[in-house]
Each structure stands twice: as structure tokens, then as C-alpha cells.
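> Sharing a structure, written as C-alpha cells. Questions coming.
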Amino acid sequence: MLLSFSMVLSLSLYLSLQQPAKSASSGKPQSSAPAPTSSASRSEPAAKPPKLKQLKKRNRYSISEVDMPVLIGGQTKLLLPEQVMDLTRNLPRRVVGCQWRLAFSTAQHGFSLQSLYRHTSSEDGPYLLVVRDTNEHVFGCLSSCTLHVSDQFEGTGESFLFTFHSCNPFKMFKWTGENYFFVKGDLRSIAFGSGEGHFGLWLDGDLYHGSSRRCKTFDNDVLSSDVDFTCKDVEVWGFS
């Protein structure tokens, strides 16, 4: 009786040891797919490359990064360095980076509109005309074309008027699109901008008297200290 109980116990122990081997050999084939991972352990997708439009925007030329231009032919007596930079940032792109060439100044060539024409008509524009009146206000215009005697208004929408006031260090007036009266000169005077009988900037043949009024071409403020003014100095700059 005791022997029989021992034999039964041994048989039970043997069967329990053989059970894992049976389940491993007789079960369905194991899947080779890896176990799913949690979302926290998944790697993040690679960042998408920037679009072409973004690259163009990123590489776009910034007009605010222009350098101080080189002045040749003389130094300006009317503009401070920061005023030169204000103007440089707003010049037509075709002349940004060019040297400023002093084409005419009353200090060197006298107060004569005909002399101004002689020194500026040999080369294409644009030309920057700067005036200082007897009240020390500085203002002027950018003419997209040569300054010369003409029968009609000339120029393009690159032209603009500007002024430096104590209350507003720099203010420019761009083309409004209302008309095409940019610049017109004769032997007696030269005018920039017009409309309803008013000129944005007008100078007489002696470069002595001038006037500035609101005009449709630029919708400008009065550039000078008064509507009618007396010139103290005039400079004209070309670009090369």
C-alpha cells in the first residue's frame, strides 16, 4: 500500500514536468511580428524640409541691411550719415549698392539751373536732388530720369519726394498713381509732381526761389519750412 502511494506521487511529478514541453511543441506556430510598443516609445517622424516658398522668403534680400554708400566727387554738406541711410533704403533697387556721385552742387557750380542741366543731362537717371532752405530744412526728390529741358513731364513711378523735419526725421511720398507728372524742366524752372496747378517741388532758374505744395502725383505734405522758400544750398547726386 505504501509502495503504491509512492509510485503514484512519482508519476504525478513526472507528468507535471512534461507539461510545458507538450504545450511548446503542440501549440500553434508563434507569430514572428514584434510586440507592439507604446506610443511613448515610438520614434517621432522626421521634420519635413522647408517648402520652396519658405526658402525664398528666408533668402529674400532685405533692403534694411544695405551699407553706407561710397560718396565720390565730393562730400555732402546737406545730409547727415543717418539721413543718407534713410534715403539709401528707399532708392530703386537698381541703384542700391551703387556709389553716390556728386553731379552738381551750388557750392561748386553756382546757383544756375542751366548749370545743373549741363552736369546731369549726359547720363541716365535716377538723380537725387537735395535742397536746404534758409531755415535749415532739408528736403528734395528722387527723379527716375535725367534732369533736362523737356516739352512734357517725364519719369516713372520710381520717383518720390522726401523731407526731413524735426518732428519726423524722415518722411517720403511715393507715387499715388493719380497722374504721370513726375518731372518737367525748362530754362526758367524745374518742377517735380503736379496736379490742379500745384507742384510738389518747384525751383526757379536761379535755384534761389522755390515752393512746395500738395500735389496729386505724390499727395505730399509741404516739404519746406514754408510754402515759398529761399534756397541756401542744392546738391544733385547720381549713381554709378
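The values are calculated or read from the model by the stated rules, or taken from the named source; none is laboratory data. Given the structure is predicted, the values throughout are model-derived calculations rather than measurements. All Cβ positions, glycine included, derive from the backbone under ideal geometry; neighbour counts span all protein chains shown. In case anyone asks, the SASA skips ligands and DNA or RNA and just uses the protein heavy atoms, side chains included. Shrake-Rupley method; radii C 1.70, N 1.55, O 1.52, S 1.80 Å.
> By per-residue mean of other Cβ atoms within 10 Å, what is the highest-first order of 137-147, 201-211, 108-118?
Details: 137-147: 23.2, 201-211: 19.2, 108-118: 16.5.
Order by mean packing, descending: 137-147, 201-211, 108-118.
> Among 158-169, 89-100, what's the highest-first ranking by average C-beta atoms within 10 angstrom per residue? Show your work: numbers first, answer last.
Numbers: 158-169: 17.9, 89-100: 15.6.
Averaged packing, sorted descending, gives the order 158-169, 89-100.
> Could you compute the FRET efficiency for D226 and R188, with r as their C-beta to C-beta distance and R0 at 25 Å, rounded to 0.05? Provide the component values of the computation, followed by the final result.
Values: r = 22 Å, r/R0 = 0.87.
That gives a FRET efficiency of 0.70.
> Label points 7 Å out from Cα along the Cβ direction at S115 and S240: separation in nm?
In this crude spin-label approximation the distance works out to 2.0 nm.
> Applying 1/(1 + (r/R0)^6) with R0 = 30 Å to the Cβ-Cβ distance of L71 and E178, what FRET efficiency is obtained, to the nearest 0.05?
0.30
> Could I ask something else about it? Within a Cβ distance under 15 Å of L78, other residues only, what is the Lys/Arg minus Asp/Glu net charge?
Details: positive: K77, R132, K232; negative: E82, D86, D133, E136, D233, E235.
Every neighbour counted, the sum reads -3.
> Using a simple spin-label model with points 7 Å from Cα along the Cα→Cβ vector, what separation in nm is obtained for T134 and C167?
Taking the simple label geometry, T134 and C167 are separated by 2.4 nm.
> As an exercise, use a Förster radius of 41 Å and the Cβ-Cβ distance of E196 and L80 to find the FRET efficiency, rounded to the nearest 0.05. Spell out each step's value before the answer.
Details: r = 34 Å, r/R0 = 0.84.
The calculated FRET efficiency here is 0.75.
> Please give the residues of region 85-107, grouped as numeric ranges, whose backbone N is less than 17 Å from a label point set 7 Å along the Cα-to-Cβ vector of D206.
Residues 106-107 qualify, since their backbone N sits under 17 Å from the label point.
> I would also like to ask the following. Excluding ligands and nucleic acids, what accessible area in Å² is computed for D124 using a 1.4 Å probe, to the nearest 10?
130 Å²
> Sticking with this one: Loop only by DSSP, 14 or fewer other Cβ within 10 Å of the Cβ. Give me the GluC sites (Glu not before Pro) in region 170-240 that pass, ordered by residue number.
In loop regions of region 170-240 (DSSP not H, G, I, E or B), the sparsely surrounded GluC sites (Glu not before Pro) are E178, E196.
> For region 177-232, what class follows from the C-alpha gyration tensor (a ≥ b ≥ c being the square roots of its eigenvalues): rounded when a/c is under 1.5, otherwise prolate if a/b is larger than b/c, else oblate?
Details: a/c = 2.77, a/b = 1.32, b/c = 2.10.
Because a/c hits 1.5 or more and a/b fails to exceed b/c, region 177-232 counts as oblate.
> Now for a separate question. Return an integer: the convex hull volume of the alpha-carbon atoms of region 146-240, in Å³ per residue.
Working: hull volume 10.8 nm³, N = 95.
It comes to 113 Å³ per residue, whole-number rounded.
> Contact order normalised by length for region 59-188, with contacts defined as Cα pairs under 8 Å and 6 or more residues apart; what percent is it? All intermediate terms of the calculation are to be shown ahead of the outcome.
On the way: 195 pairs, mean separation 23.7, N = 130.
It rounds to 18 percent for region 59-188.
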